[in-house]
Structures are given as C-alpha cells and as structure tokens.
1. If you plug each phi of region 360-369 into the Karplus form 6.51 cos²θ - 1.76 cosθ + 1.60 with θ = phi - 60°, what whole-Hz ³J(HN,Hα) values come out, in order, with x for Gly and Pro?
2. Output the peptides 395-404, 352-361 sorted from most to least packed, where packing is the average of other Cβ atoms within 10 Å over each peptide's residues.
3. Under a 5 Å amide H to amide H cut-off, with H placed in plane at 1.01 Å, what residues pair with L89 once short-range neighbours are removed?
4. S409's amide H: which non-local residues (gap 5+, or another chain) put their own amide H closer than 5 Å, with H modeled 1.01 Å from N in plane and none for Pro or chain starts?
5. If we sort 24-35, 51-62 on the protection proxy, mean other Cβ atoms within 10 Å, highest first, what's the order?
6. How would L387, L142 line up from fewest to most surrounding beta-carbon atoms within 10 angstrom?
7. Give the long-range amide H neighbours of H399: residues separated by 5 or more places, or on another chain, with amide H under 5 Å away, using H modelled in the peptide plane at 1.01 Å from N.
8. Which order do peptides 337-343, 377-383, 327-333 fall in by mean Cβ count within 10 Å, highest first?
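Bear in mind that the values in this text are calculations on the coordinates, not laboratory data. Being a predicted model, the structure only gives us computed values, none of them experimental. For neighbour counting, all protein chains shown are included, and Cβ atoms are generated from backbone atoms with ideal geometry for every residue, glycine included.
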Amino acid sequence: MLLAGQRIELDPKPQVGTPPALEVVMLGHCPVASTDVNWPRIANDRQLTAELHGLGFGIEVRRLRELLTPSADFVELETDDDLKALYKLPLPIRSLAQFKSIFSGVFDQPYRYGRLAGYGAWLPRAVEDFFGCSDNSGQLKLWIIRVKEADGIEAFLPSRYGDLKQRATETSNATPRPLKLLEIDQLNAFERALLIQNAAVIALPDLERLNLPQGLKRIPSVRKSRPLPAFLPCSSDADDLDLINPFRDIKSNQPRPQAKAVVGAIGQTLAVHRPDMQCLLSLPFADSQDYDFPQLCPEFSGQLSQLADAAIANPASGDSQRLRHLQFLYPYLIGADNLLTSSCGVVAGMQAKVAASQGVWRSVAGRRLPVRSLPWPRLDQNEAVRLRTRPGVTVLCNHKGTAMIDDESLCVPILPSVDLLQLTPSERNDSHWRSAEIMRFMGWLRRELQAQGNRMIFDTDPRDPRPLMALREFFQQLHALGALRGKKASEAFTIQQRNPADNVLQFDIEVAPAFPVDRIRITFLQDRHSGGSIPTMEAAHG
C-alpha cells in the first residue's frame, strides 16, 4: 500500500506472540495476475522463510532469493513462473493485511465463476471471515496454499487415489497408494498441508464452490454492462441473455465428486497420516432447478448417511476412523451483496479464537459468529435437527439476525471400535458421542504429547523421573484450566509407567475430560531408536 505519491509504503507485519493453540490451513484460488503477487516480500521475510525451511521447502526459498537478486550465471527455469505465483507453497499468514499485501487486489478482481458462486473465488472471503473472528493482530495463524484454477477439483483432493473417475467407483474402504511425505516434489497441495505439524483444521472453500451446480438461478446472473434493449417472448428468461462465460478459466465438464470419493480420499489420508487433523467441508446443493431455493443434494447426503450407518453398524470396518476426520457444514452464507460464500472461514476462525482464549476443549456452539452474512437457505428447527441427527452435520442457524452454530456434530461416534461394539445400535447414535470439539481436543493432546516426546528424545532412562514429572505437570495444568473433571487432580487423570524394553519409555495415561465422553485412553511410547514419540489415543466409554 503506497501513500503520498509513493513516498510512504506500508508493509504490515503483525507481531508474533505466543504460538496459537489451533492453526488452520486453507486451500483455494487467488485469481490475481502474476504481476500482483508480491513474491519478493516472501523472499525478504526471514521469519516466514524460516518456517518454510522447517517444512522442507528450502529449495524454493533459495530459488526465490536467487530470483530476487540474480547473479551473473543466473539461469531461468520452467518452474519459476509457478514459484513466483506461489502455487502449492504453504504461506503462514497472521493478518488480513498481510494476505492483501501478498496478493494485491485479490478482493477487486472482476473474476466471473458462476451465477450461484458469485463474482470471485471463495478463498479471499474465507480469509477475511477467519481473521474477522480475532480482536488482536497475531492472535490467529492461517496457512494459505494457493492452487491453480485450471486444475479444477483435482487440485484439492489427495493425489494418491487415482483420477476422479476412479474415485467415483471406489468405496471408502479403498486403500491408498503409499504416500511418503518426504518426497515434497511429488506431493499435491492437500498432502503438503499435512507437513504443517501444528495444523489442526483444513478447509477447502473453493472446492465447495466448484461443487455448486452451474444452473441454479436463485442469485441473479452476471450481465454484461449496458445490455441492448430487445423484445422478448413472455416465456423467456431475461437473466439468461448476454451472460459472461462463468467458467472460462476452469476445466469444463468437471464431474462432481460423490460422497464416497470425498470421504475415501480425505478421510483415509487424514486417518493414516494426520489422525490429529479435521477437515471442514460444506454439503453441496442439488442439481435440480425444480425448487424456489437450492436444496441439499440428496445423492451426496444419502451416500454420507449410508456410510455413517455402515460405520456404526460395523465398527470393525474402519469407516468410523475415516469419517470422524470430516466435519460437514450446512448451509452456506449469503451477505447483503447477494453473493454466496462458504462458512468454513468464520467457523475455523471461531474454533481458533475459542481455543486460544478458553481452551481447545471448548465448543463454538451457541456463540454468535462475527460475520455480517447469514445462513442461506434458511432452515427451520425440524430441518436442523434432522441434519444434525442424520447424517450428522454441523448446522448454522439464523438466531435473531445473527449466524450461530447450534451444535458441533459429527456423522460418526469418536469412540474406538472396541467400545462401540459394547453399545447397542441406538446407543451408538447418541449425539454426545459425536462431538467435534472432542476430536479437536484429542488431536491437540496428540500434538502436545508428541512435542513432549520430541523434547525427551534422549531421556530414555526408565529410572529418570523427569519425563513422568513433565507429564504430571502437563495434565495438572489441564485440570486447573477446567479441561478435566474431578475435584482433585488424582481424580482427573492417572499415569502408569511401563518398562517394555531398554531405552524405551512407555506411559499409559487415562484422563477424564469435562465432556460427555467418560475418559480418553492414551498410550505414550518413547523409543529412542524409532526417532521420536509415538502417542496413540482413543476415547473410551464406561
């Protein structure tokens, strides 16, 4: 941003405070020209480049610096254009101003995608909603991964499941191809998001936009300026005249993915490689134009209900472990400008804000979402209860003119298969087993314990009391903050140490969280020869 005849330049750099409790990753489109991408800022930011180095993108950082100050023997590469455009490069963003300074004019682009989707990409609006939840600059941290518009839906889904046509015929039990996160050059944008160790939530706003039907007419169509007057038959639709091509830069004839494909790709990848992460995804609309307002896609919701019912009926199949990593949202948001947008930005922002101020174990349900847009289409109480119960959707409601989440629901219980088998089918459908905030708390516990284990990598003497003391102090602090129930700390958690072998530390931990779940069982294994800590975690019943 330049002022006073370009003599004063504002370069917003938020102050970095304490590490956020919950970091979010967003994949999406930034439809700006290559000249409007401020890649030199990335190359000159030491803190940002240090974080990229830590993720394994040292080659890209070094190349950006070479492009900034080319030497005499400088040679251009074919990948330089994509690197300057910052495609598939995870960028840590701490404020909306920082995002605008990197992608200049991203909110002013006259980009046309579709009538229902609005005028532009959904990622910028999601970023704006995310940081709109914070009162302090630097309180939240968002990772942005820009993908190419021309790659369509394929750019958002994991690449280790074949092409989209094959995914449509696969079941959720499909086994993924081997994925090695060390091969960064071979990773897709979704898989690169898994490299961020502290990431807890991943959102795909532009994937939701691409899943919208092209023919819905509820929102007025985009017209060319100054349409010529003409006599029309009474049966014609004036909004269909002189339309700008809504998909001029998007692959045509893209098949819409089915629920089995989305759950199979995203759920299986997170369950195998990042069991501490969750994905926010809005349910799509139906293709039919027989309604006055868009309706939920019956095929997608029906397949999702079938997958959830099968996972509950047969807990040993493993479907429950996959489905619990997706938190489905519905409906969308619409503002005063009559443009539709995703709710994942404000939901993820509220989750990060509540985690930072009140704890990761707190839910965002019943809180006013700090956004001017309202849920659309508006659902009555019966529809909200039905979606929340089956297939299990986090529903946004219009509460006295403000957007609000009534309950954070998942489509499957978070209990392991051993405990699910002990319950009757009706008991497995109880809503208190399907709380999304418990999944976030379990993921946060996993990351914190893994960090503890990495700090104790060389303390593998079973006689050393320091690891046990560190774990006790950690859970005592959780009890003092209200995350664990019980009048005394001894009632809130128990830690038992085992000595399975030399140079190996193993702790069995049981905690009683302040949630409907009875307890969480943790096995903390620290093996010096394995290269790090291996915490395994599951919620328990009874």
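1. Those phi angles translate into 5, 7, 8, 8, 9, 5, x, 10, 6, 7 Hz.
2. Sorting 395-404, 352-361 by mean packing, highest first, produces 352-361, 395-404.
3. Here the answer is R146, since their amide H atoms fall under 5 Å of that of L89.
4. T394, V395, A436
5. Final packing ranking: 24-35, 51-62.
6. Ascending number of Cβ neighbours within 10 Å: L387, L142.
7. Result for H399 returns M404.
8. So the order, starting with the most tightly packed, is 327-333, 337-343, 377-383.
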